[in-house]
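Here's the structure we're looking at; comments come further down.
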Amino acid sequence: MEIKRRDFLKILGVSGVTAAVSGCSSETSRTLIPYLIPENEVVPGQATWYATVCRECPAGCGILAKTMEGRAVKVEGNPDHPVNQGRLCARGQASLQGLYNPDRIRQPLRRGADGNLQPVSWDEAERILAGRISELKGQGDRLAFITPVMAGSLDRLIDLWLKSVGGGKRLRYEPLSYESLREANRIAFGVQEIPVYNLQNANFILSFGADFLETWLSPVEYARHFALRRAYRAGSMGRSVYVGPRISLTGANSDEWIPVQPGNESFLALGMVNAILAEGLAEGLPAPELKGLQDIVAPHTPEAVAKQVGISADKIRVLARAFVKKHPSVALADAKSSNATDICVAVNLLNYVAGNVGATVRFGAEAAMAQVSSYGSFQKHLREIEQGAISILFVAGVNPLFNLPEGKRLRERLGKIPFVVSFSSFPDETTESAQLVLPENTFFESWGDYEPWTGIRGLQQPVMEPLYDTRALGDILLLLSTRLQNNEKLPWKNFYFYLRDQWKELYRRIKPDVDFETFWTESVRRGGNFQSVATKSVQLNPEVFKKSFQPPVFAGAGDGFALIPYPTLAFYDGRMANRPWLQELPDPVSQIVWENWLEIHPSDAEKLGIKKNDLLQIQSPAGEIKLPARISKNVRPGIVAIPVGQGHSAFGRYAQGRGASPMSLLSAEPEADSGALIWYGTRVAVRQTGLKHMLASTSGNDRSHDRGIVQTISLAALQSGIEKKEHPHLLRMYAEHHHDKHRWGMVIDLNACVGCSACVVACSAENNIPIMGKEEVAYGREMSWIRIQRYDEGTDERPDHHFIPMLCQNCDNAPCEPVCPVYATYHNPEGLNAQVYNRCVGTRYCSNNCPYKVRRFNWHTAQWPEPLNLQLNPNVTVREMGVMEKCTFCVQRIRGAELAAKEENRDLRDGEIVPACSQTCPTRAIVFGDLHDPESEVAKLAKNPRGYHVLEHLNTQPAITYLKKIKAGPVEG
Amino acid sequence: MAKNKVADSLTGLVGTFFHLDSLLQAIEQLRQAGYRDLQSFSPVPHHNIDATLEKPPSPVRYFTLAGCLLGAATGLTLTIATSLHYPLITGGKPIVSIPPFLVIVFELTILFGGLLTLGGMLFNSRLPKVNIGPAYNPRFSEDQFGLWVRCEQKDHETVTTLLKSAGAEEIIPAGQGREL
Amino acid sequence: MAQLTYHQVDSDILRAMQAPGWRYYTLLSIDLIVVAWGIFAWRYTVQHGLGVWGLTHPVMWAMDITNFVFWVGIAHSGTLISAILYLFRVRWRASIYRTAEAVTVFALFTAGLFPIIHLGRPWVFHWLLPYSQFGGLWVNFRSPLVWDVFAVMTYMIISVLFFFTGLVPDMAVVRNRTSGWRQKIYAFMAQGWQGTDRQWRHYKAAYVFLAALATPLVISVHSVVSWDFAQSVVAGWHSTIFAPYFVAGAIHSGLAMVITLLIPLRRIYRLDAYITQQHLENLAKLIILTGLIVGYAYAVETYIAWYSNNVPEWQRFTYQVTGEYAIPFWIMILFNSLVPLLFFVKRIRTSTPWLFAIAILINIGMWMERFVIIVTGLAHEYDPYSWGVFIPTWVDISITLGAFAWFFLWFLLFIKFLPVISIVEVKEELPPPTRSQNGEE
């Protein structure tokens, strides 16, 4: 990551100024930057990188924002940030489309007499709000403030502010919360926390429905861990088994999928504990604990469990043995059924008996997610609302009207609140029903800090001036308190100074041997302050021995299907649905774009006579929705799965009116033990409507038809040692042509690639790739230069998903080149298959002759609705209609690095040039470099015995070497 | 009509025939009588006419040959020179890749050959011709034959008798462009 | 034809050129409307981008290139009849070669449009022409598309030359029959032709050599067109049989088109004396030959697809036979290789209705052949993830119809402005008037 370091140095000198300058940004509304006397860090044509924190999900990854001419054009992971170590997920990459979203709220709005929201000035808005608050006359508890988990200074400021207006109810709401996990940790270990999971040390990851590659806690971090441990080292590799009702991306990347009815996970876990204890595999347990445990799990013999869960007792024993023998292993639980806490407790016990607690499961540094207010307490407040106990509601950064079940009833309840204030930057469902809208800055435009895990404090600085007449939430509150003459309680001029004071306290606590300014500047530069926290050891909490384990209960008709609503990699809980990149990003497993669907097992579909794309009516006691059918073996029979995130009734042009949200089908009743929302507690009736609704998929065919595109090798074969062999009969008609200095090449490790698709979005952001919309994509006209091809190599009853990133192979003997009549594509001396957009006349012959089908044609002139155009990368041509385009290994970055090396007159360093896809890959599956330099990482990897070229027999001599995926097969023990 | 703008050109007589054999007979008789500058008109080509007039074979073939050679040369030069002038590698093939270039060479061979053949024809048969000599009679393009004999005023007598004897339906004095 | 006289020939053939009746004008105006519609469709494409066509990733060529190949193919029979049969001294060609040659020229006028129409940025089509551009960058002579440019251009120029050379003596006849501005035009086209022995001698020589050049040219042109496909790596395109297969197919379709045009022509202008049943029957016999060659090519393709034991090849073939485009495929098999076999029956090949019907079917079949080859090859290529389907839009169809109308427009004008049968060559076939058999009326 040399290049980033250099960028840091560039910033280092000026970041103090940065701090000062941007610090004022919250006061000034200046958005134009004079070029005659450029600000220190604004050099036309020169990129400046600012470290900040991604706030798109609670994982709190560190990011570097690349700004040119004063606007952010690309975000990349912050290599110094311990959570994501320089990588980002698809959502992080798409965060810029939040900043530049054409549907952003551009100034304060108030609900007028006609019931519509109308623009007002900040001054007016503050006056109105201040008036309302003073009407409370000290009855502060009539005011409720809903925010997401903020885990930082702003969080504390809000509490202070609430106190200053006489108290008030504070809710930290996260749709994807972990109450049951937290509660289970209290029951099992007496600590109501969410621990740190060290997956990179786990030889065996047993996931009970925890989709840690998509949304669970900290996906980028865990994807890295997962790939690290899955890598083949010294004859072995980490193994993983996924237990759950459907194959998620995480499931697809595991060695095995054990389909169970939702809620039965607890019994499987207990059965394993039982087996472990029975076989005396649990070591070093104090006698009383052992006794207590044996009592708990006594009824759950493998045989008993086998009957309940529907997998053989032997299988349970095998898993149990493997789980212990492969120590350290780890069991993860993301329980969402009515007995969620039971499941988490059972999994805790499993980890405990296998000796993982303290090894791969470490208490001490807890996750910010533990601060979430439980869904149960949310329900409580809603009841208060109904009794009219709340007269003012502040909503900031969350969209409960979309995320909470029984949306309709909720809307009525909110209607009972005289005054709802939304601070959202987007016209989401909740904002639609607000009386006053005070749009807050996006995190790119505001100061802040976020502490995802104790000790990891990301510092968030504005990377550009606010795009519109919006303000940071902290500033709004402070200005408000000025109006309310609360200054003595909140004496800060604006949030920036409050933040600094907060960090002064931190400074005092950790006492670094530098003065505060240096400490502050350094923190701003590095994007935060990162301390490791000591692990605290935990014992079993006696309470656990009294625990009894209940089977799951379901609302709705018994003959219905158990409903599995699941958050998706692209939309998280739905908050990302207004990002066109993510809407057009194919779901890795289903390859569907722009809409959601209902997933049903073929056998069930057959029973109901359901065909692909039939529009179905899905009905639960709470409500009903309509969705098209996707028939797939990714779900076990008896359940139906629906992705969460689509089905917005507001939230802008890209999100509105696509698919439907399954949340409205769930019953509002929280889980008894932990007060969590029960996701998997509803049975639904599925009915034909007789209509069809075509889903847009980018996959022309799910099977690879023995073309050997994704190649695999068995672990056994690898252990027995194999030689890399070239294709037997490849003749060159002509001598290999000359590459003068470099020959750029790439290695993609299919064993590391988990299909998370971050590379796809990163590529779109870097290369100005346009969005085509559902209809065009459905017809096969998507524009992405890199795509994650998903091939199902599975058997009739069990799918087996393989992912392969497919991009231009920059072939040495490129079939696309000689057919172009005008030399619009040719082979450059560095081995790149160059594409000259301005020369292209659009015969499309190159695409016809490309066996990899990685060339994209501009069917129309692409549109970038204001202000999305501000994100366009100034170093990459925006292509016009009628022109062919394709990946060139981010040639603009290659040239940039070469130029930099030339200026410093030195040779390029290996790893100095990093294409966007490779840069963001959380699992480091994509490596780019110079194949001519024998020392380069890429040259070494290309010699790996697992290496192969796609469609090698065509003798195209690709510059990309793929490393075969390792098939480990079922775990044995 | 003898006193028209081609008055200064050669003078002669033109006989009109309804029958091909009469024409051929006339040609033979005149040639025996020493009148060698003859010019026949016919609606269709006929090998006997050329035979009796003992004309050499047409030189158009040499134009064709020259055209083809020129075309081939142009093709080779064009393809090779331009590729070398701006060398770009495509599909790992050499800058001068002859096999594909031969297609261009072939097409240009035909093209130039064809053009020069036409040129040769026009040049040899003195076409295009702006104004048509008085000796020509439209019916020569329809169903009659004509024979123009170059002769001095004094010889008109003899020539007329010869043409008559061969079966000329009508005989008129007519100049004819020098270029014939 | 023995009873015909030179005079009779002139008046018969020139009759077709008399002032047209209302039927002709209605036909012409309908045709013009379709042409206009086609032009509108193309303008629409230029404005909104090729997205308005049914093309998609991976099927980036479809009806555009189908039309190109089809019309180049149509052109071929004309040259076959006028040049090859001429070299072989086939006497019966005399009265049909003018029409056949006209078909060649007009088909090329039509085919020549598509290389431009199919471009994503047609406004820079001149970049395809061989001249020094952007600091001495020329075109890529390795690209089959550039070969196309050269082959089709050459073919068009040579055909036009050949056509007008053949016209010169006839133009003299017309010149002498007309007056006023018409005469001026024809006089120009006649180039001052007098039919002197010298003119005839060089004319005949030039004609032979043009024929001799046109013969290898016509073979090369469709070979080059076939290499657009054979030179690629696409399964189902990359095949060595393509050149002969395409040439045969081209002549197959061309002959069918000639028959389709001759039959009404002969009927309407009462040219039965010149275009006899015998002519049509001979054409039918030629069609049997080309039909058999095409059928053989189909068989070989199938066999090789199986014998090569090449996964993509075989899967593409099975897709072609059973997939979305199965119907066009079976139309092509039926109409091109089976239906023509009916001509083995004398009663069928001598009956005008049968001839006409079958000729039409072959035209359809041959268009489908090109469509099937192009689209099925692309739709199912090496990477199954990128498989796709082409569905024509109204724009595709309008442009295709417009092209047909454009071709017929030229032909309609040809009928009225030029002798549809070569006067001179027909006369040549007649015994010259001699005293012995007193040819005078």
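Report whether or not residue C:185 is more than 14 Å from chain A (Cβ to nearest Cβ), surrounded by fewer than 21 Cβ atoms within 10 Å (Cβ to Cβ), part of a helix (DSSP H, G or I) and of a type in the set (A, V, I, L, M).
yes
Listed residues C:263, C:275, C:268; which is modelled with pLDDT of 90 or more and away from chain A (no Cβ under 14 Å)?
One residue alone meets the criteria, C:263.
Does residue B:144 satisfy the condition of being more than 7 Å from chain C (Cβ to nearest Cβ), crowded, with 21+ Cβ neighbours inside 10 Å and either closer than 25 Å to residue B:25 by Cβ or in contact (Cβ under 8 Å) with a residue 60 or more places away in the chain (or both)?
Here the answer is yes, as residue B:144 does meet what is asked.
I'm trying to understand the selection: among the residues of region A:419-462, which are farther than 28 Å from residue A:365 by Cα and assigned to a strand (DSSP E or B)?
Passing the criteria: A:419, A:420, A:421, A:422, A:436, A:437, A:440.
Listed here are the residues, each with its yes/no results for (1) of a type in the set (Val, Ile, Thr); (2) within 28 Å of the chain's Cα centre (by Cα); (3) in the same structural domain as residue A:212 (by TED's automatic domain parsing).
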position	(1), (2), (3)
A:541	no, no, no
A:565	no, yes, no
A:577	no, yes, no
A:598	no, yes, no
A:601	no, yes, no
A:620	no, no, no
A:625	yes, yes, no
A:639	yes, yes, no
A:643	no, yes, no
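Here are A:212, A:145: which of them is assigned to a strand (DSSP E or B), open to solvent by less than 10 Å² (accessible area, probe 1.4 Å) and in contact with a helix residue (DSSP H, G or I) (Cβ under 7 Å, 6 or more places away or on another chain)?
Of A:212, A:145, the one residue that is assigned to a strand (DSSP E or B), open to solvent by less than 10 Å² (accessible area, probe 1.4 Å) and in contact with a helix residue (DSSP H, G or I) (Cβ under 7 Å, 6 or more places away or on another chain) is A:145.
Can you tell me which residue is surrounded by the most Cβ atoms within 10 Å (Cβ to Cβ) among those in region A:784-819 that are among the polar types (S, T, N, Q) and at the interface with another protein chain (Cβ under 8 Å from one of its Cβ atoms)?
Out of the qualifying residues, it is A:789.
Inside region A:515-529, can you point out the residues that are part of a helix (DSSP H, G or I) and open to solvent by 30 Å² or more (accessible area, probe 1.4 Å)?
A:517, A:518, A:521, A:522, A:525, A:526
Please go through region A:839-851 and give me each residue that is over 14 Å from residue A:887 (Cα atoms) and either within 7 Å of chain C (Cβ to nearest Cβ) or out of contact with any helix residue (DSSP H, G or I) (no Cβ under 8 Å at 6 or more places or on another chain) (or both), ordered by number.
A:840, A:841, A:842, A:843, A:844, A:845, A:848, A:849, A:851
List the helices (runs of 4 or more DSSP H) that sit entirely inside region C:334-424 and contain at least 3 residues that are under 18 Å from the mean Cα position of the chain (by Cα).
C:352-379, C:394-417
Take the conditions in contact with a strand residue (DSSP E or B) (Cβ under 7 Å, 6 or more places away or on another chain) and touching a residue at least 12 places away in the same chain (Cβ under 8 Å) and apply them to residue B:136. Does it pass?
yes
Filter region C:113-148 for residues that are more than 9 Å from every other protein chain (Cβ to nearest Cβ) and surrounded by 17 or more Cβ atoms within 10 Å (Cβ to Cβ); which is nearest to residue C:228 (Cα to Cα)?
So, considering only residues that are more than 9 Å from every other protein chain (Cβ to nearest Cβ) and surrounded by 17 or more Cβ atoms within 10 Å (Cβ to Cβ), the one nearest to residue C:228 (Cα to Cα) is C:114.
Report, by residue number, each residue of region A:46-94 that is part of a loop (DSSP other than H, G, I, E, B), hydrophobic (A, V, I, L, M, F, W, C) and in contact with a helix residue (DSSP H, G or I) (Cβ under 6 Å, 6 or more places away or on another chain).
The answer is A:54, A:61, A:83, A:88, A:89, A:94.
Out of region C:191-222, which residues are small (Gly, Ala, Ser), at the interface with chain B (Cβ under 9 Å from one of its Cβ atoms) and either in contact (Cβ under 8 Å) with a residue 12 or more places away in the chain or open to solvent by 10 Å² or more (accessible area, probe 1.4 Å) (or both)?
C:195, C:205, C:206, C:212, C:214, C:220
Only one of B:94, B:173, B:100, B:87 is at negative phi, open to solvent by less than 60 Å² (accessible area, probe 1.4 Å) and more than 9 Å from chain C (Cβ to nearest Cβ). Can you tell me which?
B:94
May I ask you to list pairs of residues, at least six apart or on different chains, whose Cβ atoms are under 6 Å apart, with the first in region A:286-314 being closer than 22 Å to residue A:542 by Cα and the second being in a loop (DSSP other than H, G, I, E, B)?
Taking only residues 6 or more apart or on different chains, the pairs are A:289/A:540.
Output yes when any residue across region B:48-55 is at the interface with another protein chain (Cβ under 7 Å from one of its Cβ atoms), open to solvent by 50 Å² or more (accessible area, probe 1.4 Å) and not small (Gly, Ala, Ser), and no when none is.
yes
For region A:487-503, name all the residues that are under 16 Å from residue A:446 (Cα atoms), open to solvent by 40 Å² or more (accessible area, probe 1.4 Å) and either of a type in the set (Asp, Glu) or part of a helix (DSSP H, G or I) (or both).
The answer is A:497, and nothing else.
Considering each residue of region C:391-435, count those that are within 14 Å of chain B (Cβ to nearest Cβ), farther than 23 Å from residue C:25 by Cα and in contact (Cβ under 8 Å) with a residue 40 or more places away in the chain, and give that number.
11
Pick from A:781, A:703: which is within 30 Å of residue A:215 (Cβ to Cβ), open to solvent by 60 Å² or more (accessible area, probe 1.4 Å) and modelled with pLDDT of 85 or more?
Sole residue among the options that is within 30 Å of residue A:215 (Cβ to Cβ), open to solvent by 60 Å² or more (accessible area, probe 1.4 Å) and modelled with pLDDT of 85 or more: A:703.
If I ask for residues that are over 18 Å from residue B:114 (Cβ atoms) and assigned to a helix (DSSP H, G or I), which ones from region C:82-105 would you list?
C:85, C:91, C:92, C:93, C:94, C:95, C:98, C:99, C:100, C:102, C:103
I want to confirm something. Restricting to region A:864-892 and keeping residues that are open to solvent by 10 Å² or more (accessible area, probe 1.4 Å) and within 12 Å of chain C (Cβ to nearest Cβ), which single residue is nearest to residue A:97 (Cα to Cα)?
Across region A:864-892, the extreme among qualifying residues is A:879.
Of the residues A:854, A:836, which is β-branched (Val, Ile, Thr), in contact (Cβ under 8 Å) with a residue 60 or more places away in the chain and either surrounded by fewer than 24 Cβ atoms within 10 Å (Cβ to Cβ) or more than 7 Å from chain C (Cβ to nearest Cβ) (or both)?
A:854 is the lone residue from the list that is β-branched (Val, Ile, Thr), in contact (Cβ under 8 Å) with a residue 60 or more places away in the chain and either surrounded by fewer than 24 Cβ atoms within 10 Å (Cβ to Cβ) or more than 7 Å from chain C (Cβ to nearest Cβ) (or both).
Looking at region A:238-351, what strands (runs of 3 or more DSSP E) fall wholly within it and have at least 1 residues that are closer than 15 Å to residue A:184 by Cβ and under 26 Å from the mean Cα position of the chain (by Cα)?
Qualifying strands (runs of 3 or more DSSP E): A:329-333.
Can you name the number of the only condition in (1) more than 19 Å from residue A:366 (Cβ to Cβ); (2) not assigned by TED's automatic domain parsing to the domain that holds residue A:251 that residue A:185 fails?
Going through (1) more than 19 Å from residue A:366 (Cβ to Cβ); (2) not assigned by TED's automatic domain parsing to the domain that holds residue A:251 one by one, residue A:185 breaks only (1).
So in region C:4-26, with the set limited to residues that are more than 10 Å from chain B (Cβ to nearest Cβ), touching a residue at least 60 places away in the same chain (Cβ under 8 Å) and of a type outside the set (Ser, Thr, Tyr), which one is farthest from residue B:44 (Cα to Cα)?
C:20
The values are calculated or read from the model by the stated rules, or taken from the named source; none is laboratory data. What you see is a predicted model, and the numbers here were worked out from it, not measured in a lab. Note that we place each Cβ from the backbone using ideal geometry, even for glycine, and neighbour counts take in every protein chain shown. What goes into the accessible areas is simple: the full protein's heavy atoms, side chains included, and nothing from ligands, DNA or RNA. Shrake-Rupley method; radii C 1.70, N 1.55, O 1.52, S 1.80 Å.
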